Each structure stands twice: as C-alpha cells, then as structure tokens.
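Worksheet: one structure, shown below.
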Amino acid sequence: MKTYAEIQVGQKETLHHIITSEDISKFVELTGDDNRLHVDEKFASTTPFKKPVVHGMLGASFISTIIGTKLPGDGALWFSQSLEFLLPVRVGDELTITAEVLKKHDKEQIIELKTEIHNQNKQLVTKGLAKVKVIATEKPETQTAKIEAPQRVALVIGGTGGIGMATCLQLAKDGFDLIVHYNKNKEKAEAIKTQIESLGRKALCIQSNITDDKEIQHMVEKGLRNFGRIDVLAHCAASVIPNIKFQDLTWSDYTKQFELNIKSSLSLIQALAPGMIQEGYGKIIHIGSLAADKPNADWSAYITAKSALEGLTKSLAFELAPKGIRINMVSPSLVSTELTADVPEKIKLMTAAQTPLRRLALAEDVAGVISFLASSKSDFLTGENIRLNGGQIMY
C-alpha cells in the first residue's frame, strides 16, 4: 500500500483486462442483471447496437480493482465516483483502465483520481472522477523489537506438471510458502494447494498465460500483494515435444519453443527482479535438457530453445549477481512424468539401459536439485547448469 505522503499529483497506474463471456455470466449470476441486451444475441440484433453490450458497471468495476490494488492499494476507502459511459463494450474487447492523481487534500488525506477506460482501439469508453481516502494503518507498539527471518516465498511456474508438482511439495517441506502457477488445470492446482497447506505452509493458485507479458505482470503483482515478497522462481513449465523432420520445420516451430523457454523466462525475471533487488536476494531456477548436450533427431526447435536458455541463464546470472540474484539451471535427462507417458516403452528402456544408474530420472530427483538451488546452501552458486542425467554425460 502507498502512504498518503508517497502519493504524488500526476502519479498514474494502469490495469488491463480482456472481457470474456464468462465475465458476463459471473456478473449476471452475482447481480441478477440479465437484461437481454447484455445476454441475448438475437434480441441485441434487433437494437441499434446489433450485438450484445457488456454491462457498463462490469467494466467500471475494474476501477475498483485499480484503486484497491494499485493506487493507493490496500486500505483505500473509495467513497465517491462519477461515471460517463461513452461507447459500448463487447466481449473480446481489451480494456485498459487508468487512474491518475489530480488533487490531494492534506487535511482529510483524500486524493482525487481521473479514471478512464479505453478499448483496444484507444477509444475512450468510460470516464469519471473518483475520491479516495487513504487510510493510515496502525503499527502496534512493542517494548522490545523482535527481529525474525522473513517467511520465504517461491513461485513455481507450471506447478501442475510432473516436475512442477514435485517442486511445489518439496519446497513446502523446505519451509516455503508457494505460489502455484497453472495455465488450464485449475482443479489440479487447487489439489496441490491443499497438499501444501497440509504440510503447514500457505499456498496461492494463479492462472496465467506466461507468453503474455501483461498476464505475467498481473500474476507477479497478485503474488506480491498476497505474500509481500517472492524469493524464488522455479520455471518448470513444459510442453509436448513434437517430432518434426528437418525438411518439415517452419520458423513458427522455433518461435513456439522460444516463446515458452526464452520470452517467458525473460519476462518473469524482469517482473521479479525489482523486488529481489530491493531485498538484495533472490533465486531463479530454469529447467534445461540433456538434449542440448546430447542431441537427437527431430527435436531441432526444442534443442535450440533449451541451448538458448542456457545462454540466457549465464548472461543474466553475470549481470544480476552483484545485486544478490542467483540464476541457475537444472538439465535432466528423460523424466518419468505424464508429459513423457506417450514416449515409446522401447525408448524408455533403452534410455535406462544407457544410464549408469540404470533408471529414468524422476520428478522428485529434479525437485531435489531445485530444493538445493532454492536454499541458502547454494548462495555461492550462479550461472551454473547442473546436469541431472544419472551419469549419461560426465564433465
């Protein structure tokens, strides 16, 4: 939360949201406003609007979000708002909500905000003025100050995958509170949250498309609002690796892998780094692959992306080390998870036979190395790629 003294005239915050049919259904369920202009395409077609119009107050509700979470944030008492609805909003519109400080009233500690909502075409659809009282929180007085180590928090990307789930549970056992990221499998994320809580730790599930910078920023902001800090990022997201012959490859095959492995990693680090730099401490852990050292046919796009991820890890580890941020990689061989369930049994048996330890890697093996990298035991380690392959390659 920003204090009244910290808020300056001209200060501005922004929020983005894409309106979906689900948003309208939830709004109707909550408010009971099932006006056919909003929910019935056939009826709407007989009006000058031709298509259903999103409830004006649904869009305006995001003004509450930006006031309650960003400007001024927690404790804001929003007591006055004018609104003008200038243009209709439709399903699929990408709304940009802004709040800008126009005036401050020092005696009452009240701020006046210009609130605007634009669509993806930069058209102003809603505008108004808000008045918000900034509530000062009371700090309890204590006779003796007790300094305690802060509770550590880890964000696990791809928390519902095999490696991601094992990592969440291992870090919970290590004493971390967890932010469990998921893309589609909300039910499994909630089940993992329950398991984490059974271990005595706190957990929060957040859905996000990690190839979208705005969604990453929203996820990080939500995590920070709930826990106040994020100390560790474990990027465990993965996808099925398609077997594509060289002559059939297209550039889009590469960009899909680069979006998941490089773009998302860079965006996550950029979103998390300011908080870690402020604390003077942070751990970032990427998942590489044995295939980057021991390539096989038909995986060119995947191998190229994982090789680039090692370069990203090393370059940013060098740059951010003086600020207290350590960035490392774990590169496992074939891991026995749901993602590899369709790999032919013959290949699995051959891989195990070629491994000195005579078995495939387990998700728990990877989680164990992540546990080490997330702990203070690895504080003098950065820019390293730990190869977890049962002895297939030894350096």
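Of these, Pro295, Pro322, which one is part of a helix (DSSP H, G or I) and either in the same structural domain as Trp251 (by TED's automatic domain parsing) or more than 23 Å from Gly390 (Cα to Cα) (or both)? Result of the check over Pro295, Pro322: Pro322. Of the conditions (1) farther than 22 Å from Val220 by Cα; (2) within 26 Å of the chain's Cα centre (by Cα), Glu94 fails just one. Which one is it? Evaluating Glu94 over (1) farther than 22 Å from Val220 by Cα; (2) within 26 Å of the chain's Cα centre (by Cα) leaves (1) as the failure. Counting the residues of the stretch 33-89 that are among the basic types (Lys, Arg) and in contact with a strand residue (DSSP E or B) (Cβ under 7 Å, 6 or more places away or on another chain) gives 1. Does the stretch 355-374 contain at least one residue that is of a type in the set (S, T, N, Q), free of Cβ contacts under 8 Å to residues at least 24 places away in the same chain and in a loop (DSSP other than H, G, I, E, B)? Checking the stretch 355-374: not a single residue is of a type in the set (S, T, N, Q), free of Cβ contacts under 8 Å to residues at least 24 places away in the same chain and in a loop (DSSP other than H, G, I, E, B).
When Ala191 is tested against the conditions (1) over 26 Å from Ile262 (Cβ atoms); (2) touching a residue at least 60 places away in the same chain (Cβ under 8 Å), the lone failure is (2).
The values are calculated or read from the model by the stated rules, or taken from the named source; none is laboratory data. What you are looking at is a predicted structure, and each value in this text was computed from that prediction instead of being measured. Don't worry about glycine lacking a Cβ; one is built from the backbone with ideal geometry, like all the others, and counts go over all protein chains shown.
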